[in-house]
Each structure stands twice: as structure tokens, then as C-alpha cells.
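Data block below; observations after.
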Amino acid sequence: MLPNIYTENEKTKLRKIGITSLFDLFLYLPNRYQDRTKVDRIKDLNKDQYHQIEGEVSFVNASYRPRKNLIVVIDDATGTLQLRFLNFYPSQIKQFALGEKIRVYGIVKEQSFIREMIHPEYEIIQKHKIPPQHLTAVYPLVSGVTQKAVLKLVKKAFKFINEKNNIIDFFYKLNKQRNLPDLIESITMLHMPDKKSIINNHIYRNKLAYDELLAHQLFFRGLYHQKKNFLAKPISKDESIYNLFISSLSFELTNMQKKTYLEIMKDLKQTSPMNRLLQGDVGCGKTIVATLAAIQTIKNGYQVALMAPTEILAEQHYNNLKKWLDPLKISVGFLSGSISKKDKLFVTEMVMQGNIDLLVGTHALIQDNVRFKSLALYIIDEQHRFGVEQRLSIRAKNKIDKKYQAHQLMMSATPIPRTLSMSYFADMDISTINELPPGRQKIKTKLIADSRRTEFLSIIQSHCKEGDQVYWVCPLIEESEKLQLETVENTFKEVTSSFASLTVGLIHGRMKSKEKESIMHKFKIGDLQILVATTVIEVGVDVPNATMIIIENAERMGLSQLHQLRGRVGRGVKESTCILLYGKKLSNIAKDRLKVIYENMDGFKISEEDLRLRGPGEFLGLKQSGLPVLKIADINKHKTLLDMAKEDAEDLINEKHNKIESHLQRWISNYQEITRT
Ligand code: ADP
Ligand code: MG
């Protein structure tokens with residue numbers, strides 16, 4: 001909320017620069033400063049340097065041909081200086097009346113012995129006015145809001161808080177211990193530094209960054225500790241069912257799979273809910289680990305839910321799990337938004353009565369009418385697709401009653417860079433699988449210009465003749481679903497006519513779930529040789545015999561998305577190829593991104609690069625989410641501050657400091673809304 005010291009007009013300006021509270025305005029930091037504390041004499045001016053001078057207008061001339069040009073000469077008794085405006089309004093000419101006293105600030109140029117300033121900032125001053133005692137801030141601007149206007153808004157804000165004295169440090173002692181300057185001193189010195197304090201600019205910026213990181217930590221660690229307010233069913237480990245299941249598999253678990261399984265079981269043994277993220281690169285085998293946790297939970301007499309972001313993936317999980325778990329006498333059910341009403345009713349009824357042990361599905365699972373008899377573990381696959389905000393909302397909904405919460409296990413194939421796991425994911429514990437099962441073949445990545453697309457058709461032909469299968473992925477067109485549909489359908493036609501002797505299938509998000517299922521099935525059993533698809537196949541889909549993927553307009557996709565898509569191949573024993581097609585005009589950033597994908601196979605490295613190129617806001621899709629985006633702090637730059645904030649937030653939460661709320665409110669104004677459970 002903006003205080004009423006501002007007129008409606010001023011409030012509009014503030015909103016234009018994205019400011020909705022007084023504190024926001026204090027965080028709107030200048031890019032640089034100007035020294036306007038003294039007035040120089042015209043005779044002392046130095047070429048190519050900034051100066052402030054005062055003088056009287058002694059000459060004015062506006063001409064319009066060959067182009068607009070307004071010349072104003074000012075005089076200060078020591079010399080004359082010419083001001084030149086190439087862009088001006090009639091009202092401005094009037095302002096520069098002869099004899100008018102003005103103060104100007106700008107860079108001095110010299111043109112054939114005439115000293116001039118081009119487009120200086122100026123101010124009409126009736127009589128001599130003492131120049132500001134502090135340096136003058138230069139703010140980043142948006143159109144429609146001038147530098148002068150921002151300066152005025154900031155000045156008003158300071159006047160207001162100096163009267164109210166209401167911008168105080170909530171954690172005064174901590175601030176002293178950490179040797180940080182006061183909050184009020186910091187914002188004053190950032191907006192109106194005196195000449196001496198300017199060398200401490202970074203100290204004041206760091207103070208704000210620390211406060212922000214502290215709020216961020218209090219928010220996420222606060223969520224982490226919320227679990228202590230809830231109970232969960234403790235799950236014990238049964239070795240015989242573990243051995244039975246493992247022996248039914250055609251492979252051995254990797255060491256990392258075993259290790260992460262034990263980490264999860266250790267959490268499940270507790271009487272407070274687990275909140276753990278299992279991360280690991282595409283194809284590292286997370287599903288088995290989650291399945292083991294599910295089996296143990298069910299063996300303890302409880303139910304498990306498994307949620308996937310797409311219907312195709314949910315379906316695939318359902319089929320695999322049914323196959324794996326039938327022999328263990330575990331009943332598996334399926335639920336998605338597109339199954340018939342009757343089936344839905346039947347499934348939800350079975351779940352309620354406890355006749356389904358493991359319910360697999362899409363986000364239809366978190367809808368209100370699904371009630372479990374005894375849910376104890378909630379698994380969310382490909383969590384990165386759900387976004388941080390949805391993650392928090394799932395968490396809020398995942399309450400069995402006032403006292404009980406289900407254990408929660410999330411899986412993600414987009415590894416979270418360390419700085420993010422310490423910040424945006426600090427509400428969870430993290431387990432990492434950092435190896436792939438043995439025997440995986442490398443994936444060859446090729447970058448090919450779209451104009452050369454006909455050249456690789458023969459490769460595909462021979463590829464398929466050898467019994468291999470191909471994905472052909474069309475780009476996501478976010479602006480228009482209709483356009484998207486057109487694109488896949490056209491590609492489908494093109495591919496079908498290019499490969500008359502091959503069977504080609506089409507799959508996209510607009511198809512009915514039964515259709516999708518049957519196409520996926522045909523592809524899986526090898527009835528289709530080429531599958532033209534939208535990004536619906538991006539996550540999780542596992543068809544080991546597919547060894548080639550062609551991605552159209554790869555430059556439009558995010559790095560993690562490309563890595564995920566590439567991960568659809570290289571799942572079997574044969575070598576695989578990923579062809580990235582790119583369009584004509586590549587921006588530099590698009591080139592950089594494709595280069596990263598081309599050069600790296602390691603999902604961790606790609607995530608780091610993605611984060612570096614896009615920043616955390618974009619990386620996590622926070623822009624529209626209402627979740628706290630860091631404005632001052634930069635988690636990549638302020639690692640030491642992040643460590644400090646982490647430690648301090650932990651202490652504050654432990655001692656239940658009574659100002660935590662206030663600090664959160666100041667920095668994350670909508671935090672209550674986000675976390676309402
Ligand atoms: P992701 O971690 O990407 O979800 P999946 O769980 O889908 O990966 O596993 C990818 C493939 O690897 C599956 O076909 C799975 O059966 C297989 N797999 C899992 N663990 C192993 C292992 N230890 N050895 C060999 N293959 C494995
Ligand atoms: Mg998976």
C-alpha cells in the first residue's frame with residue numbers, strides 16, 4: 001500500500017516503475033550518482049567533464065530548419081556557456097526568458113572554441129538556492145517517468161519516514177553482531193549518499209541484500225519447520241518385501257539408488273512428515289527408488305499417491321507399477337481429469353474404502369473429492385514442471401486432518417543448483433542420484449539449420465530400417481494453441497509423405513486420453529516407427545528402443561526442456577542421436593543456449609548454465625507466481641551473505657523471535673497468502 005502522501009498521479013508513476021509500497025520505493029536503487037553539491041564557475045569548466053553551473057540567460061534562439069535546434073546562452077560573470085537542445089517544446093523556449101536564472105548540470109563539450117552542453121538537465125531557480133548537500137541519485141527509468149519525478153517521489157518518502165520514524169531494524173542485536181549498518185542509515189546512504197560515504201556504497205547494498213536473504217530464509221525455513229506442527233505415520237522397513245521386489249527386477253540397483261532409498265526410509269520412520277526432493281538426471285532411475293518407498297508404506301498398511309504432470313507419464317507409471325506390484329498383491333489405481341465420470345466415481349470410492357493401495361494420476365489427485373482412507377505418502381514426479389508455487393499449494397493441501405500430514409516425496413530431473421537448493425528449495429531436504437545405471441550409451445547431439453532439413457531424411461530412413469524408432473518434436477507455441485495444433489499436424493503430414501514406407505504416429509495435448517494412450521502403446525511396442533509429438537512427451541516417457549529424437553525450433557526451448565527431451569533417447573543399449581533443428585535468425589542468447597546443450601550432457605551443469613543465463617526468476621518461473629523474487633540480493637553473487645542469513649534465520653526461528661512476522665511482511669508482503677494452509 002502506498003501512503004497518502006502521494007497524489008493519484010504520483011501513485012500512477014510509482015506503479016509504472018513497479019512500486020506498490022513505500023518500502024519498495026526504498027529498494028528502488030540508483031544506478032549511479034551525480035555530484036551536484038557545488039556550483040562551478042564557467043571559467044573553470046573542463047572539457048568532457050560533468051559540471052553544475054548557475055547563470056542568467058543572455059541569448060535565446062530557436063530554429064526549425066534544416067532541423068530543430070534551440071540555443072540558449074547563459075552568463076555567470078566569469079564567462080558564457082552555450083546550451084543546445086535538439087528536441088524541445090514551445091513551452092521550454094518560454095522558460096528561457098532573457099535574464100532568467102537557471103542552474104544546469106551536464107557534460108561540457110567544446111566545438112570550435114565554444115563551450116556547450118547538449119541537453120543538460122536544468123532547473124529555473126528564482127534566486128540562488130543552496131545546492132543539495134548529498135550526491136544526487138540517478139535511477140533506472142521507464143517511459144513516462146522522468147529522473148526529476150523519481151527524485152521528488154523519493155524525497156517525499158524520506159520526509160515521511162523521518163517524521164514517522166518507522167523503518168527500523170527488527171533484529172537489532174543480530175545486526176550489530178553481523179557488523180551491518182542500520183537499515184535507515186543504509187537506505188539513506190544509498191539514495192542520498194554524502195561524498196564521504198559513497199565509498200561504503202557496497203556495504204549499504206550488502207545490508208539490504210542480507211535483510212532480503214534473511215526474509216527469504218525465514219520464509220522457506222519457516223515452511224520447513226512447519227512440519228513440526230504436524231504428525232505423520234511412521235513407516236518401518238521390511239526387508240523381505242524389499243528383497244522380493246528387487247529380485248523381480250532385471251537389473252541391480254545402483255549405489256546411489258540404494259543410498260537415496262535409505263535416506264528416504266530414515267525420514268519415513270519419523271513421526272513428523274517427510275518433505276524430501278529426490279533429484280537426479282534424466283534416466284538415473286528415480287522411479288524405482290520411489291516405488292520402494294511406496295511398497296514399504298503400503299506394507300505398513302497405508303496408502304500412497306503418485307502424481308505426474310502429464311497424462312502420458314501418469315499412464316506410463318500406472319502400467320509399469322501395475323506390472324511390478326501385481327505380484328506383490330498391491331492394488332494400483334489410476335485417476336486423471338479425462339477418465340469417464342463413472343470410472344472416476346468408482347476409483348474414488350475404492351480409494352476411500354482402502355481397496356486401492358497406490359493411486360497414480362495427474363493433478364486430478366489433489367482435487368477435493370479424492371479422499372483416502374489412510375494416505376501416508378505422497379509422491380510427486382517431475383516436480384519442476386509444477387513450479388515452486390504449485391509445490392507450496394500441493395503441500396498446503398496435503399493434509400489428512402488437523403493433526404496429520406502425509407510424507408511427501410518429490411522427484412525432479414532438473415537438478416537444482418546448490419545456490420537454489422539453499423534458497424528457493426530450503427523448505428525441503430534433498431537427496432541426489434548422481435550416476436546413471438551402467439551400460440548407458442552416449443547420445444550424439446547435432447545442430448542442424450532448418451534449411452538443411454532434407455539432408456538428414458535418408459539417415460532417418462536407414463535408422464528405422466534397422467528397427468530403431470524416432471521422436472519428432474514440434475515446438476511449443478505458447479501464444480496460440482490453434483497454431484500449435486496446426487504446426488504438429490503439418491509436420492505430421494510432411495513426415496508421413498517423406499517416409500512413405502514407415503509408420504508414423506501423431507500425439508499432442510489436445511487428444512483424448514484414450515487416443516494418447518493407444519498411440520503411446522503402439523509406439524512402445526514398435527508398431528509406430530516415428531512419433532510426431534508436441535512437448536507432451538517432454539518428461540518421463542520411457543521407450544528404450546527409440547534412439548533418435550529430432551527437435552524442431554530448438555532455439556525456442558529452455559535448456560532444461562531440451563535436456564529433458566534429449567533424455568527421451570539413450571535409454572537402451574544402442575547409441576542414440578539428438579538432432580536440434582534451428583531456425584534462421586538466432587539471437588546471441590539462443591546461440592549460447594544451443595552451445596550449452598551441444599557441449600554438455602550433465603544435467604547439473606546444464607541447470608547451472610540455465611540459471612546463469614536466465615536468472616532464478618525465469619529459471620523457476622517465478623515472474624507471474626507471486627512468490628518472492630529477490631530484488632536486491634543475487635544468490636550467485638552473495639554466497640557469503642546467503643550463508644549468514646541461513647544461519648541467522650535458523651536461530652531466529654529456534655528462539656521464536658517475535659519480529660519474524662514483521663520482517664516477512666516488510667520483504668514479502670503477500671507471504672501469508674502464499675502459505676495459507
Ligand atoms: P528417471 O530417473 O528419469 O525417472 P526412470 O526411473 O524412468 O528414470 O528410469 C529410466 C530407465 O532405467 C527405466 O527403464 C528403468 O527401468 C531403468 N533403470 C532404473 N534403474 C536401473 C538400474 N539400476 N539399472 C538398469 N536400469 C535401470
Ligand atoms: Mg522419471
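The values are calculated or read from the model by the stated rules, or taken from the named source; none is laboratory data. Here the structure is a predicted model, which means the values were calculated and not measured. With ideal geometry, Cβ positions are generated from the backbone for all residues, glycine too; neighbour counts draw on all protein chains shown. In case anyone asks, the SASA skips ligands and DNA or RNA and just uses the protein heavy atoms, side chains included. Shrake-Rupley method; radii C 1.70, N 1.55, O 1.52, S 1.80 Å.
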Probe 1.4 Å, all protein chains present, accessible-area order of V573, V142, largest first | V573, V142
Amide H to amide H under 5 Å from K446: which residues, 5+ apart in sequence or cross-chain, H placed 1.01 Å off N in plane?
-> C578, I579, L580
Spacing of the two label points (7 Å from each Cα toward its C-beta) at S518 and H225, in nm = 5.7
Which of L292, L244, I53, positive extreme of dipole for the chain (C-beta unit charges) | I53
Give, rounded to the nearest 20 debye, the magnitude of the charge dipole that the chain has about its Cα centre when Lys and Arg contribute +1 at Cβ and Asp and Glu contribute -1 at Cβ.
-> 920
Find how much the distance from N490 to N4 grows on full extension, using 0.36 nm per residue of separation minus their present alpha carbon separation; answer in nm with one decimal.
-> 169.2 nm
Only Lys, Arg (+1) and Asp, Glu (-1) charged, at Cβ; region 443-600 dipole about Cα centre in debye | 160
Note down the net charge around I549, summing +1 for each Lys or Arg and -1 for each Asp or Glu among other residues with Cβ under 12 Å from its Cβ.
-> +2
Assuming a ≥ b ≥ c are the square roots of the Cα gyration tensor eigenvalues, decide whether region 443-600 counts as rounded (a/c under 1.5), prolate (otherwise, with a/b larger than b/c) or oblate.
-> rounded
Sort H119, H216 from largest to smallest accessible area, using a 1.4 Å probe on the heavy atoms of the protein chains.
-> H119, H216
Qualifying chymotrypsin sites (Phe, Trp or Tyr not before Pro) for region 44-141 [loop in DSSP, other Cβ within 10 Å: at most 15] | Y64, F113
Just add up the charged neighbours of Q126: K/R +1, D/E -1, any other residue whose Cβ is under 14 Å from the Cβ of Q126.
-> 0
Full-stretch length increase - H202, F59 - with 0.36 nm per residue and alpha-carbon distance subtracted = 47.0 nm
Provide the three semi-axes, in whole Å and in decreasing order, of the ellipsoid equivalent to the chain as defined by the square roots of 5 times the Cα gyration tensor eigenvalues.
-> 59, 34, 21
Charge context of K13, other residues only, Cβ under 12 angstrom, K/R +1, D/E -1 = +4
For region 495-547, state which trypsin sites (Lys or Arg not before Pro) are in a DSSP loop and have at most 12 other beta carbons lying within 10 Å of their beta carbon.
-> K512
Among S112, W667, S338, the residue whose Cα sits farthest towards the positive end of the charge dipole of the chain, when +1 is placed on the Cβ of each Lys and Arg and -1 on the Cβ of each Asp and Glu, is S112
Angle in degrees between helix 639-654 and the longest Cα principal axis of the chain, rounded to the nearest 10 | 70
With a 10 Å radius around each residue's Cβ, average the other Cβ atoms per peptide and rank 243-253, 424-434, highest first.
-> 424-434, 243-253
Project the alpha carbons of region 38-131 onto their principal axes and report the range along each, largest first, in whole Å.
-> 36, 31, 19
Can you list the lysines whose alpha carbon sits under 27 Å from that of K512, skipping same-chain ones fewer than 8 residues off?
-> K322, K323, K341, K342, K344, K482, K493, K522, K524
Charge dipole (region 443-600, unit charges on Cβ, about Cα centre) - positive-most of L531, I443, M557 | I443
Any idea what the relative contact order of the chain is, in percent, if you count C-alpha pairs under 8 Å spaced at least 6 apart?
-> 13
